[in-house]
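One structure is given below, encoded as structure tokens.
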Amino acid sequence: MPTGFLPEEDQGYLYLNVQLPFAASIERTDAVCRQVEDILKSTPGVKYYNTIAGFSLLSFVRNTYSAFFWISLKEWGERTHPQEQFDAIKAHLNRELARLPQANTFAFSPPAIQGVGTAGGFTFVLEDRAGKDIPFLSENLNKFLEAARKRPELTGLSTTFLPVVPQVLADVDRDKVLKQGVDLGEVYKTLQTFMGGSFINYFNRFGRQWQVYVQAEGQYRTRAENLGLFYVRNKTGEPVPLSALTTIKQISGPEFTMRYNLYRSAQINGSAAPGYSSAQAMKVLEDVFAQTMPAEMGYDYLGMSFQEKKAQQGVPPAGNAHRSVRRVCGPIGPADGQQRLCPDRAGHAHWPGSQERYSDCRVRATGIRKRQIAYRRRPDRGADSSEADSDDVFCVRIWLRAALDRDRGRRGGTPRSWHRRHRRHAGRHLPGRLPHSRDVLRGRKAGEPREKSGAHWHGLAA
């Protein structure tokens with residue numbers, strides 16, 4: 001039977017993402033958002049909506065060609081008609097939004113657990129584990145999406161990876177800067193101030209705090225060729241135009257780079273098609289990855305998909321935890337049914353949980369590296385049984401207590417009361433009274449009475 005995690009439910013709201021062509025202006029984004037708002041106004045079951053232009057919730061990147069909508073639905077009791085239900089509203093929006101040719105727009109549900117991821121469905125991460133360049137990741141991403149979109153179990157596949165965004169590169173020629181006698185830092189500061197903006201300070205006015213920025217007017221920084229209008233001074237005080245020190249290039253590159261587990265990655269969002277579970281969708285993604293991706297690529301999950309993958313792996317049983325202690329601490333008992341004998345209050349060896357004692361077997365705990373442990377073969381207990389594991393863990397705890405008490409006694413400190421109460425379980429290997437640290441500094445030994453004379457109190461000869 002197909003398995004799943006937490007199903008998508010009607011939480012009273014949903015999200016909507018708008019993605020325009022790369023490097024589109026904010027004016028074009030605003031125009032598309034107004035068309036989306038007209039669709040939302042005529043959608044039954046929608047009560048409110050908020051528009052955030054210039055931000056993408058899926059990638060958390062701010063740019064001019066992305067937008068995001070928060071759509072609040074009517075109360076559940078007010079949505080009584082079938083077309084006002086959550087799935088019907090989302091399907092209606094996606095059908096209407098698909099008719100907008102200006103942008104890639106789609107509605108999607110929030111995560112089943114608020115704060116775990118940013119979207120419902122699955123979040124798949126494609127990783128470049130070989131550390132190659134961006135075209136290598138982009139090529140494999142397109143190959144993966146092409147194969148994944150052919151599978152009927154998946155729907156709504158999209159990615160936040162933007163590898164070929166048009167960009168303008170202002171390349172500063174450092175040799176020319178040095179020959180002209182211009183400070184390189186002043187060149188970069190002038191580029192940032194006039195073409196971007198520089199923060200100056202704050203000031204208070206009208207009961208509010210205001211920020212001061214310096215930048216060129218919009219009409220003087222809309223074109224890269226306007227760099228010739230700005231100047232920097234050299235060592236002799238003469239102005240040098242920025243156009244003489246820089247070269248303008250038209251390039252393409254990623255809008256941002258996502259790193260997951262230190263690997264350059266691409267995020268893929270989507271959901272299972274109707275009639276399929278989330279576990280089936282994740283299995284299909286892994287199958288497509290195994291069929292199409294080279295050995296240099298890897299994958300992982302984010303958000304709710306990560307939690308679902310961990311739940312599929314399950315929790316190891318308690319017996320494995322006992323065995324892990326045995327592996328960390330080293331072999332603490334022979335195999336083939338031989339079990340450790342634990343000491344009682346009198347130092348005699350016995351089986352934990354029983355009244356049977358073996359007076360001929362004494363236990364000595366003389367440290368971590370030197371110790372003698374008595375063993376006796378028990379044919380009724382197997383080496384891999386839970387009772388054997390509990391015996392081993394019980395003896396490890398006693399051994400650690402004895403080692404800690406011994407170490408504290410060697411350093412001259414008083415053991416903690418908890419260890420002092422259980423010191424008898426270690427076979428009485430320590431003296432009846434451990435010396436105090438201040439007694440050791442004064443030359444006294446354990447068990448000697450503390451004299452109250454000033455000379456002996458300070459460890460001096462009388």
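Read-outs throughout are calculated quantities, based only on the coordinates presented, and are distinct from any laboratory measurement. In this text the structure is predicted, and so the values were computed from the model without any measurement. No Cβ is skipped: glycine too gets one built from the backbone with ideal geometry, and neighbour counts run over all protein chains shown.
Report the Rg/Rh value for region 1-110, based on alpha-carbon coordinates and the Kirkwood definition of Rh.
1.01
Compute the length gained on full extension between Phe206 and Ala290: take 0.36 nm times their separation in residues and subtract their Cα-Cα distance, giving the result in nm to one decimal.
Additional length available on full extension: 23.9 nm.
Mind listing which trypsin sites (Lys or Arg not before Pro) in region 174-216 are in a DSSP loop and have 14 or fewer other Cβ atoms within 10 Å?
none
I'd like the distance between the alpha-carbon centres of region 213-240 and region 244-312, rounded to an integer number of Å.
Measuring centre to centre over Cα atoms gives 42 Å.
Using a Förster distance of 45 Å, how high is the FRET efficiency between Gln192 and Gln114, based on the Cβ-Cβ distance and rounded to 0.05?
0.70
Please list, in order along region 97-104, the HN-Hα scalar couplings obtained from phi with the Karplus expression 6.51 cos²θ - 1.76 cosθ + 1.60 (θ = phi - 60°), rounded to whole Hz, x for Gly and Pro.
Residue by residue, region 97-104 yields 5, 5, 7, 8, x, 6, 8, 8 Hz.
For region 165-253, with only Lys/Arg (+1) and Asp/Glu (-1) charged at the beta-carbon, what is the dipole magnitude about the Cα centre, in debye rounded to 20?
Values: 11 positive and 8 negative charges, 49 e Å.
About 240 debye.
Cα-based Rg of region 80-157 per 2.2 N^0.38 Å, rounded to two decimals?
1.43
Between rounded, prolate and oblate, where does region 165-253 land on the alpha carbon gyration tensor, with a ≥ b ≥ c its root eigenvalues, rounded for a/c under 1.5, else prolate if a/b exceeds b/c?
Oblate.
D for region 60-110, whole µm²/s, Stokes-Einstein with Kirkwood Rh over alpha-carbon pairs at 10 °C and 1.306 mPa s: what number?
The diffusion coefficient I find is 124 µm²/s.
Please state the relative contact order of region 55-206 as a whole percent: Cα pairs under 8 Å, 6+ residues apart?
Values: 61 pairs, mean separation 15.9, N = 152.
Computed over region 55-206, the figure is 10 percent.
Just to confirm the filter: which GluC sites (Glu not before Pro) across region 1-83 are DSSP coil and have at most 10 other Cβ within 10 angstrom of their Cβ?
Passing both the DSSP loop test and the Cβ count: Glu75.
Hey, if you put +1 on the Cβ of every Lys and Arg and -1 on every Asp and Glu Cβ in region 1-110, which of Phe69, Leu14, His81 ends up farthest toward the positive end of that dipole?
The residue sitting farthest along the positive end of the dipole is Phe69.
For region 206-281, compute the orientation-averaged projected area of the C-alpha convex hull (one quarter of its surface), in nm².
So the Cα hull casts an average projection of 14.2 nm².
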